[in-house]
Amino acid sequence: MKLIFICPDKNEMFEGTDFELIDNRGVITDNSGNRILDAKVVLKAPCPFCGRKHVFHVSELSCPFT
């Protein structure tokens, strides 16, 4: 699956498939009743804009589906 990331250093968007799910606590329900995945995504490859390996909370990612 391809996800959409935004480099926090350069504020540039990129897509990637080379990532790993970490700190996966499963699906939780927030105060509004929305079900969300409580996990983080770490890049396995360096960011194409700054060269760092970023870690994102799933809630920080844009939905790749339209």
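Run the accessible area of the chain with a 1.4 Å probe and give the carbon-and-sulfur part as a rounded percent. Don't jump to the answer; show the numbers that get you there.
Details: 2290 of 4790 Å².
Carbon-and-sulfur percentage of accessible area, whole number: 48.
Given a Förster distance of 25 angstrom, what is the FRET efficiency for N34 paired with M13, based on the Cβ-Cβ distance and rounded to 0.05?
Values: r = 24 Å, r/R0 = 0.97.
Result of the calculation: an efficiency of 0.55.
Relative contact order of the chain: what whole-number percent is it, with Cα pairs under 8 angstrom and at least 6 residues apart? Working shown, then result.
Values: 114 pairs, mean separation 21.0, N = 66.
The normalised contact order for the chain reaches 32 percent.
Let's see if you can work this out: charge +1 on each Lys and Arg Cβ, -1 on each Asp and Glu Cβ, no other charges. What is the dipole magnitude of the chain about its Cα centre, in debye to the nearest 20?
Values: 8 positive and 9 negative charges, 20 e Å.
The dipole magnitude comes to about 100 debye.
If you stretched the chain out fully between V27 and A45, how much longer would it get, using 0.36 nm times the residue separation minus the C-alpha to C-alpha distance? Don't skip to the answer; put the middle values down first.
Details: separation 18, 0.36 × 18 = 6.48 nm, distance 2.63 nm.
Here the answer is 3.8 nm.
Cross-chain or 8 or more residues apart, Cα under 16 Å: how many lysine pairs in the chain fit that? Count them up, please. Each step should come with its number before you reach the end.
Values: K2/K40; K2/K44; K10/K53; K40/K53; K44/K53.
Taking the Cα cut-off of 16 Å, the pair count is 5.
Binning at 5 Å from 0, report for the chain what percent of all alpha-carbon pair distances ends up in each bin.
Bin by bin from 0 Å, the calculated values are 4, 17, 26, 25, 14, 10, 4, 1.
The values are calculated or read from the model by the stated rules, or taken from the named source; none is laboratory data. Owing to the predicted nature of the structure, the values given are computational and were not obtained by experimental measurement. All Cβ positions, glycine included, derive from the backbone under ideal geometry; neighbour counts span all protein chains shown. Each accessible area value is taken on the protein alone, full model and side chains, heavy atoms only, with ligands, DNA and RNA left out. Shrake-Rupley method; radii C 1.70, N 1.55, O 1.52, S 1.80 Å.
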